[in-house]
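For reference, the structure discussed in these notes is given below.
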Amino acid sequence: MDNLIEPEIRRLSSEVCNQIAAGEVVERPASVVKELVENALDAGADQIKVVITEGGKDLIEVTDNGHGMSADQAQLALERHATSKIVSAADLFGVSSYGFRGEALPSIASVSDFSLTTRTRSMDAGIKLTVSAAGKISAAAAPAPVGTKVVVKDLFYLVPARKNFLKTTNTERGAILDRLQRFAMSHPECSFLLEHNGRRLLNFTRGDREVDRIAAVLKLKSDDQLRPLPESGGDEIKLKGYVSLPTVQMSSGRHIYFFVNRRAVRDKALLAALLKAYEGTLPRGRYPAAVLFLKVADGAVDVNVHPAKEEVRFADGGRLFGLIRQVVAEALSGYPVNGKADDFFSRFGG
């Protein structure tokens, strides 16, 4: 026992800190795409192009026509805890922007071959930043349109153990497609293009009708299969969206989407409220297709429950449950009930 050396406490290097943060921010290629697209939307982009190869494991390239960044701002964006999205702690609960607020770009750069090219309208030429494996940032002038282009190659090449846990190319590609479809539904004013291994998988153009995009994502033949939900609620909570007619019967709940302040979220209580409204109109084991948009006032929702902002906590969940159930049930009124009402909890767990 006398020969045991007492461990020494050391300050971690910035490279190690970034890689630790990457464990929260960068779970898989779809996580990278999510963060980069959210940054593009926050920058005012209305055209976003995503190019990937091998499910994003070899290459992720996101190009936008947003405001772009000056040379100083671009370099600052690659430092941890540097963000344009919050100023004080109070902004954590009222902010309507996306992202990890100072974590995403340096975290992604720490586990990949990373470069960023950007230009603002006031710049004569763009600037390209590259990040070495040691975390050193190099800058050089580069031709570029107004906006930002981020190129991520060889994701997790610096952490092979994490790379080994990635799924198949088809699975990772599908996760990225799902992410972009969610963005496309909540941002009909923006065009989205996705290419994988040179093949176009998704192409939504600016000016698409919201309902047309939603019908396409839900894989419905016609928007006639959807019922619009008129905007309902009060000052703190507003609800709108689209729900399928009972003639649409899905084998799972994969075609049900919820958005809170344009963020895609997963919430069991929201799902339960929706399924309760359909109680008795669908056979056991069948699910509707639905896209619900909730606009919730600052202070009535906490978006910081989950690291990826995919779970939220509502100040008045009971009121929201009742609102969804009532509005959806009214939209479905007049349609025949499917025999004896099923226990919605059994379908909810299926």
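The values are calculated or read from the model by the stated rules, or taken from the named source; none is laboratory data. Quick caveat, the model's predicted, so the values are computed rather than measured. In this analysis, Cβ positions are derived from the backbone assuming ideal geometry, glycine residues included, and neighbour counts consider all displayed protein chains.
Just the residues that are farther than 22 Å from residue 313 by Cα and in a strand (DSSP E or B), please, taken from segment 230-260.
Within segment 230-260, 230, 242, 243, 244, 250 meet the criteria.
Quick check: anything in segment 277-299 at pLDDT below 90, closer than 27 Å to residue 184 by Cα and assigned to a strand (DSSP E or B)?
Taking every residue of segment 277-299 in turn, none turns out to be at pLDDT below 90, closer than 27 Å to residue 184 by Cα and assigned to a strand (DSSP E or B).
Name the residue, out of 237, 256, that is modelled with pLDDT under 95 and either among the charged types (D, E, K, R) or in the same structural domain as residue 321 (by TED's automatic domain parsing) (or both).
One residue alone meets the criteria, 237.
Which pairs have Cβ atoms under 8 Å, sit 6 or more apart or on different chains, and link a residue in segment 163-179 that is among the hydroxyl-bearing types (Ser, Thr, Tyr) to one that is in a loop (DSSP other than H, G, I, E, B)?
169/57
Looking only at segment 212-229, filter to residues that are aliphatic (A, V, I, L, M) and assigned to a strand (DSSP E or B); which one of those is surrounded by the fewest Cβ atoms within 10 Å (Cβ to Cβ)?
Per the criteria, the residue is 229.
Residue 223: within 21 Å of the chain's Cα centre (by Cα) and more than 22 Å from residue 301 (Cα to Cα), yes or no?
Here the answer is no, as residue 223 does not meet what is asked.
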